[in-house]
Structure formats: C-alpha cells, structure tokens
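Please read the structure below before turning to the comments.
The values are calculated or read from the model by the stated rules, or taken from the named source; none is laboratory data. Keep in mind that this is a model prediction, so the values were computed, not measured. Reconstructed Cβ throughout: ideal geometry from the backbone, glycine too, with neighbour counts over all protein chains shown.
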Amino acid sequence: MRKEGEVRISSGCAISGIFCRDGKRITGEAIKKSIAVMHNRSNGLGGGFAAYGIYPQYKDYFALHIFYDSQTSREESERFLAKRFDIINLSKIPVRQTPMISDAPLIWRYFITPLPHLLQDSQLDEDEYTSRATIMINDSIDGAYVVSCGKDMGVFKAVGYPEDVADFYRIEEYEGYSWTAHGRYPTNTPGWWAGSHPFSLLDLTVVHNGEISSYDANRRAVEMYGYSCNLLTDTEVITYILDYLTRKQGLTLKESSEVIAAPFWTTIAIKDEEERIRLSYLRKMFSSFLITGPFSILVGFRGGMMALNDRLKLRSLVAAEKGNVVYFSSEEAAIRVIEDNPDRIWAPRGGEAVIATLNGEAGL
Amino acid sequence: MRYRIRKDDSCISCLRCVRECSFGAITAESGKALAFHHDKCTDCQRCVSFCPAGAIYITEDENRFRKNAVFSDDEIKEILLQAETGGVLLSSMGASGKNVPIYFDKMLLNASQVTNPSIDPLREPMETAVFLGRRPEKAERDISGRIIDNLPPHLELRTPVMFSAMSYGAISLNVHKALAAAAEKLGTYWNTGEGGLHESLYPYKKNTIVQVASGRFGVHETYLNTAAAIEIKIGQGAKPGIGGHLTGRKIIGDVSKTRMVPEGLDAISPAPHHDIYSIEDLAQLVMSIKEVTGHRKPVIVKVAAVHNIAPIASGIARSGADIISIDGYRGGTGAAPKRIRDNVGIPIELAIASVDQRLREERIRDRVSVIASGGIRNSSDAVKAIALGADAVSIGTAALCALGCHICASCHTGRCAWGLATQDPELTKRLDTEKGAERLVNLVNAWTREIKEIMGGMGINSIEALRGNRMALCGIDLNAKELEILGIRYAGE
C-alpha cells in the first residue's frame, strides 16, 4: 500500500484556534480542551498544534522542528544545516510517553540563523534562504522532514487523537499568544506523522478542514514558483499558495483571501468601480490560485490569525470574541467549553476572511 | 464509386432531391424520371434530409475490390486516380488516420463522492467565464499602496468555447454572418480566418478575431483595428507546414474585394510567412501588430501541433504573444493535400498536455493563455482539453455541423450542398443566417450547460480551477508512456 505523499488522501477534520490580541501568553491547556470536544471529528490518525510566542528567549532565530526516521537522516540533515546556518541550540523535543501515541520518529528542535557570508552571497533575504533550505531537506534527504521553521513559533504534530498529541508533546508547558489545533479524519491511510496538520512554512501555519476540488490545478500552479508539494495534501498546497501570494507577490492576507476564495463575478459586478477593478484584477491575475471545494482554514502568522471559509461555505466555521481573546472553531461547542459566555459569537460567511492581529500591529 | 443512391416505392417524384443535389449525382431525365449518378455522390445527406417521403437511401457501394490485408479499397482507388491524373490528392475536413487514437475517448472524468460535495449548477453559481491574455510577473502598487491594474488587454469569454478560424472564400459570407452574430450573443469570439473581414461584419468587431496569415489577404490597418484580437496564423492542424490555395473560381465579387485579390486569380498562401523565418522574426511581427493597434489588443499566435510543439510554444510565449492557439492533428480544413492531412502533426490531447507541462517547467504558464482546437466534438472533449491544461477550446467542424454540415469532406469541390463551403449564390442562400446563428447559440449554450454539470459533479464551481487539473482525468486503454505524456493516472490506480 502506498503511503501518504505517494498518493493523495482526502480527509475530514476538526480545527480550533485561540488568539490573544493583547499578546498575553497562555498555556496549551485551553486549546487541548477545545479540540478534545470534537473527538468524533477525528479518527486518531492525526492531530497537531501550532503555537506562536513560545520561544521568547530565541525569538530572533529560526526554530526548526524536524522529524527523522533514523539517526542517519538526522546526521545528514545536521551536516546540511551546519554548512548553511549557525546552530545556536539543538535538542530533542521533550515528550511524555503515552500509550496512545506510538511509532514516534526522532523529534528534534534547532534554533538557527543563516551564516552571514552565505546569506549575502545568495542574494536572498533570510526568509527565502531558510525556506529554500527546508524545502531542500524535505525534498532530498530521505527520512528527514521539517515540521516547522518560523521564528518564535513551532508546530507539534503526530499520529493520534489531538488531545493525546497534546499530552505527548507536553504542550501545557508552552505559553503562546496564538494557538491553532487540528484533529484529522483521513479516509484511507495508515497515518503518517508528517502528514498531520498544522502544515507550515516559515511563520505561516495552516490547519484545514475540507477537500479542495481544485487541488491539482493549484498544485501544478504553485510548483511553478519553486515549491514542491511532497505530501499531496490540500493543506500543504494552501500553505504554499499563501506564502507565494503574501511573501513573493506582496499581497496582504485579506487580498490573498480574495484570490483563493474569490467573490463570484456576479458579486464583483455590483461593487463600486474601484472595488470592481481591484477584485477583478486579483481574480484575473491569480486565477490559478482560486481554490474550489469545501475548506475552512485557520492561518497562523507572526502577530495574527486568519479564519477563512470556501466561497460557498461548504464547511462549518464559528468565530467568537471575549475581551481581547478571539476564538475560531469547527463547532460552537468547542468554543463554549473554554469560554461559555463570549461577547459575540458568529458564523463568518463563505469567502469572508476574519483576521485577528495583536493590538497596535498591522496585519500581514 | 464510393456510394450508391437508392430509392424505394414511397418516392412521390417531387424532384426535390434533384434540386437539392449540388454535385449532379441526382438528375431528372426529361424533367421527370430520376437518374442516379452514383460516382458523383459525396454522401452529403442533403437529399436524404430533404426528401419529404423518406424514400432515398445512400449506402456504401457494396461492390468491393478483392480483400487485401495491405491494400484497402481506398488505397487502390487513390492509386487509380493518381495514375489517371498525376495529381496530388485533395481532401477536406479533419484527418482520417484510423489508427491514430482519439485520446479524448481514452480519458474518463472524476466526480465527488462523500468526502467532498458535488455542486448543483441549478442551485449554486457555476462560473465559466475565461480571460485570455498575458499576465505580468508581479503585482504592483502605487505610492498609497493600492494595487495597480497592470494587466495587458484580455479577451473575456462567457464560456470557454470559441469558433475556429474559417476564411471568407473557404466558407460563405452567410456562414461568417452566422458565426459573428452567434459569438456576439454568446459572449465569445469568432475568427475571420485568412480571407479578410467583409465590411458588413464590422459591427461585430467586439467579438471578432482577425487573422494575419502568410498570404496577408485582406490585411490593412482598419482590418486590424476592427477586432478584439489579432491572430498570426503560422499553421493549422490539417496541413502543418503547408500554405493554402483558394482557386480563382472562388475569388469572385466580394471575396475578391475582401481578400484584396483580383477576381479570378488564385489566392495562394505561401507555406511560411516570408517575413518569419525564425522565432525572432515572429517577435517582430507581434510587436508590429501591437504598435499598429496601440497595444490595445491581445495577439494570438496559432500553430499546428507538430513533433516539438512544447519548445515551439515556449518560444511563442517568449515572443510577446499573449495567447497561443494550438491546432491538433484532427483539425479541419476547406482543402488540404490528403497525405499531409492524414500524416502530419500530432493529436491535440498530447500536444496540450506537453505544452502545458513544458510552460510550467519553464515557469511561464501563467504568463500566457492557451487555446486548444482540432477535433473537439462535444462538451466533454472541451472539459478534458481544459483539464489537460488549455484555457479554452475552439470549434470549427462542430460549428459547421450545427449549420448543416454532415462532414462529407467535399469542401474542396466548392459545391457544398448545405451552402457552407461554397461561393455559388444558389447554394450560399441555403443558409438562413439568423436561423444559423440561433443554432450555433443553442449548441454552445448546450455545451456550457453540460460543462457546468460536469464541473459541479467534480465539486468545481469555477472553470479556472479545472484548468490543468489533471487529477480530474484518468486513463483507460493507454500505455505507460501515453499516461506519462498526458500526466494522468490509469483508472483505478
């Protein structure tokens, strides 16, 4: 049987997110409690978390979380990294043995910064330099897989139910201002650690519920721009599209949402002239990145979080606010369990991006 | 003799068939008794369609040469004909290579089940609008941070189906009128072909693509500016590498005026453009046309699908052209040498797949648009062409069929009984342009409905999400190499 990455697997899911606009750092307990409510939306074949603000002491360095199948792949990867980066710190990521999580790979964490002279010679900025290096590891080092590579953030994922994954990674010991979570329900896979969500590139993380029907059109388009979709998952392609649109094309996340969940032409036609021109432009210019089919996604980024539904709202997505805290989830119950009296609770419309950012910070 | 004409007892001797037959295959002896001249019959089905009694039958002639595993009947007949005349065999319409697979028939489409929902086009919006043209590499903003619309001019199609180039001369003015009126109504485009644009059709300029071919017939500044886009025709699928030859017999009256060729003189399109001997020359012609039209119109370059079509397309994409139109092996023609038609070029399915893949590998697929043509018979062919990587398709033969053509492949005789591929005023008046336009509109609307239905089944609600979406396709009865070129998996894999 072919494993994920060699064949495309569709999956249903649960997602949840908590964002503190005042930058207050909270432990992983709340997000675990929230995603655990939606146990039935996963089937034990994948769970994971993304957290921002968890490495304040290393916030200027890229934090790499890497899975290794073997010591050989670890040694090869470390040689690869050492040639290109200053490794400030490296360690195993501490885990708690739990009977619910098995077959764990070697899980390592590195804090690194590009070697200055190599960075200068490459004529790239440090983000591009680092993202190329991680894509290269995923592409060419057998048995090594970079799970996350942003600054002051990290992804924790495994095969298992999300609440068990939380226990395994001891996420109650981390404090962050932004948390997303994912519980996975793949249709026919033995489950693969790297195939779990969140998926990430640099500071961008995506958790996703849905199955996009535009997958291969999107994949073949984004692969033109130096990305390589190794996992054949929707989440991976969505992450790369968002990275391309924001980092390489300079679009805002809001504009990117108007590309991937573009308003219908009939909707664009009734807008005022300036808006009509703007929206038409985004659709025409980036038509290869329109995403069709059901999805609800939470996009984590440095200083913010975006929730977005497909334009027909074919997947559930609920948002809520209480004071400075913003909540998103597949189901209202998963919000109520951690905040039973929100100031406001609503279902964002299809294609309508809800973006929360740290107070005083502009969005991406 | 290919066909045999028969009638049964229900014939009422109304002589309608005599009046309808433009090939002289049915005549009336002394104005009364029907006489059948089987050797002249092209099986155009005109008499059958118009016989009020349903009394006429056209069948394959049952007199056969002795069966031979190598030399078929047709083969022998062609030898006999050439031995007699010393001439190049002429033919029309698309290739008849029996052993060249129709790959559209060997690909099946996907649909949603359980894990994602199919979408009902009757309940939800289903978008088929396509924009064809060049895209810049990067979005730009003004000083205040607003996005600037830096897109060059685009063609806007309400449906991804347009009409292929067919020249005035090869087909009648009435056909041009029907195509133009239908294109306007459908929100798509028709294409003049290389014979110029009749002045009476100038009002349709918003839906007209004018062609500049090697003969430059009817090309002048007004012509170029009376169009939504200009197409430089390098080649066509039915006769790659070959020019054209419209006989002086067809260069009469308005055809002569529109083509800017003296009456009765043969109009010969050279095989190459004599100002394009290489790719850099093409870039210059593209630029010249853009200058003449004030950079307000996209320029299309049309080529036939030949062996190295992928690098050719890549060269065109870099020549400044906005749109590449690729015409496959089965593309139709008003007249072509039969050996060329049946033996030169490659099927559009393989061409589109390899061009799309190559342009992606070179990271320029988003820069240009691609039109596929050459044997698109129905809406599912169109969907498959788009899933392989085309932005839109164009149809010629199918459009002619909507106007009455039964593909008897006798266009080159100039005696088209349906009044399409002829300039004989007695025949051209057989096509009612309004009725014809309505039938074309019906056809394309029907296809559009079917395209929406197919897209909805796959859970796709906008046509751009189908473009290049190879996972929408799977192969059947194909070998590993064919699957590799098409970029699809085998059914069940």
Kindly indicate which of B:ALA310, B:ALA283, B:ALA305 is surrounded by 14 or more Cβ atoms within 10 Å (Cβ to Cβ), touching a strand residue (DSSP E or B) at 6+ places or on another chain (Cβ under 6 Å) and more than 22 Å from B:GLY195 (Cα to Cα).
B:ALA305
Within the range B:350-365, can one find any residue that is among the hydroxyl-bearing types (Ser, Thr, Tyr) and either in contact with an Asp or Glu (Cβ under 9 Å, 6 or more places away or on another chain) or in a helix (DSSP H, G or I) (or both)?
yes
Let me confirm something: among B:GLY414, B:GLY475, B:GLY419, which residue is away from chain A (no Cβ under 14 Å), farther than 22 Å from A:PRO294 by Cα, touching a Phe, Trp or Tyr at 6+ places or on another chain (Cβ under 6 Å) and of a type in the set (Gly, Ala, Ser)?
B:GLY475
Those residues that are surrounded by fewer than 12 Cβ atoms within 10 Å (Cβ to Cβ) and either of a type in the set (Phe, Trp, Tyr) or under 29 Å from the mean Cα position of the chain (by Cα) (or both), I need them from the range B:38-59; list them, please.
B:THR59
Quick check on my filter: what residues within the range B:122-131 are at pLDDT 95 or above and more than 7 Å from chain A (Cβ to nearest Cβ)?
B:MET126, B:THR128, B:VAL130
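Every residue, every condition in (1) at pLDDT below 95; (2) buried (at least 20 other Cβ atoms within 10 Å of the Cβ); (3) within 11 Å of chain B (Cβ to nearest Cβ), yes or no:
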{"site": "A:ALA217", "(1), (2), (3)": "no, yes, yes"}
{"site": "A:ALA221", "(1), (2), (3)": "no, yes, yes"}
{"site": "A:TYR225", "(1), (2), (3)": "yes, no, yes"}
{"site": "A:SER228", "(1), (2), (3)": "yes, no, no"}
{"site": "A:ILE241", "(1), (2), (3)": "no, yes, no"}
{"site": "A:ILE260", "(1), (2), (3)": "no, yes, yes"}
{"site": "A:PHE264", "(1), (2), (3)": "no, no, yes"}
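Can you name the residue in the range B:435-456 that is within 14 Å of another protein chain (Cβ to nearest Cβ) and not hydrophobic (A, V, I, L, M, F, W, C) and, of all such residues, is nearest to the chain's Cα centre (by Cα)?
B:LYS452
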Restricting to the range B:462-486, name every residue that is touching a helix residue (DSSP H, G or I) at 6+ places or on another chain (Cβ under 8 Å), farther than 19 Å from B:ALA392 by Cβ and part of a loop (DSSP other than H, G, I, E, B).
B:ILE476, B:ASP477, B:LEU478
Residue count, the range B:146-173, condition of a type outside the set (Val, Ile, Thr), within 9 Å of another protein chain (Cβ to nearest Cβ) and more than 26 Å from the chain's Cα centre (by Cα), comes to 4
Could you tell me whether A:ILE135 is among the aliphatic types (A, V, I, L, M), modelled with pLDDT of 95 or more and out of contact with any Gly (no Cβ under 6 Å at 6 or more places or on another chain)?
no
If I filter the range B:206-240 down to residues being of a type in the set (S, T, N, Q) and in a loop (DSSP other than H, G, I, E, B), which single residue comes out as surrounded by the most Cβ atoms within 10 Å (Cβ to Cβ)?
B:GLN236
Let me confirm something: among B:ILE79, B:ILE119, which residue is surrounded by fewer than 15 Cβ atoms within 10 Å (Cβ to Cβ), over 30 Å from B:SER10 (Cα atoms) and of a type in the set (Val, Ile, Thr)?
B:ILE79
Do we find a residue being in contact (Cβ under 8 Å) with a residue 60 or more places away in the chain and aromatic (Phe, Trp, Tyr) anywhere in the range B:160-168?
yes
Failed item in (1) more than 11 Å from every other protein chain (Cβ to nearest Cβ); (2) more than 17 Å from the chain's Cα centre (by Cα), with A:ARG278 passing the rest
(1)
Pairs only if they're at least six apart or on different chains, beta carbon under 6 angstrom, first in the range A:304-327 and away from chain B (no Cβ under 14 Å), second of a type in the set (Phe, Trp, Tyr); list them, first residue then second.
A:MET305/A:PHE19; A:ALA307/A:PHE328; A:ALA319/A:PHE328; A:ALA319/A:TRP346; A:ALA320/A:TYR327; A:VAL326/A:PHE19
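Can you tell which of B:PRO311, B:PRO203, B:PRO272 is assigned to a helix (DSSP H, G or I), touching a residue at least 24 places away in the same chain (Cβ under 8 Å), assigned by TED's automatic domain parsing to the domain that holds B:THR333 and more than 18 Å from the chain's Cα centre (by Cα)?
Details: B:PRO203 fails: touching a residue at least 24 places away in the same chain (Cβ under 8 Å); B:PRO272 fails: assigned to a helix (DSSP H, G or I).
Checking each option against the conditions leaves just B:PRO311.
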Which of the residues belonging to the range B:314-349 are within 14 Å of chain A (Cβ to nearest Cβ) and either part of a helix (DSSP H, G or I) or under 30 Å from B:ASP266 (Cβ atoms) (or both)?
B:SER314, B:ALA317
Inside the range B:1-114, counting only strands (runs of 3 or more DSSP E) that do not spill past its ends, which hold 1 or more residues that are out of contact with any Cys (no Cβ under 6 Å at 6 or more places or on another chain) and free of Cβ contacts under 8 Å to residues at least 24 places away in the same chain?
B:26-29, B:33-36
Unmet criterion (only one of (1) under 15 Å from B:ARG141 (Cα atoms); (2) surrounded by 17 or more Cβ atoms within 10 Å (Cβ to Cβ)) for A:GLU274
(2)
Boolean, B:GLY459 is within 14 Å of another protein chain (Cβ to nearest Cβ), under 17 Å from B:SER118 (Cβ atoms) and either part of a loop (DSSP other than H, G, I, E, B) or in contact with an Asp or Glu (Cβ under 9 Å, 6 or more places away or on another chain) (or both)
yes
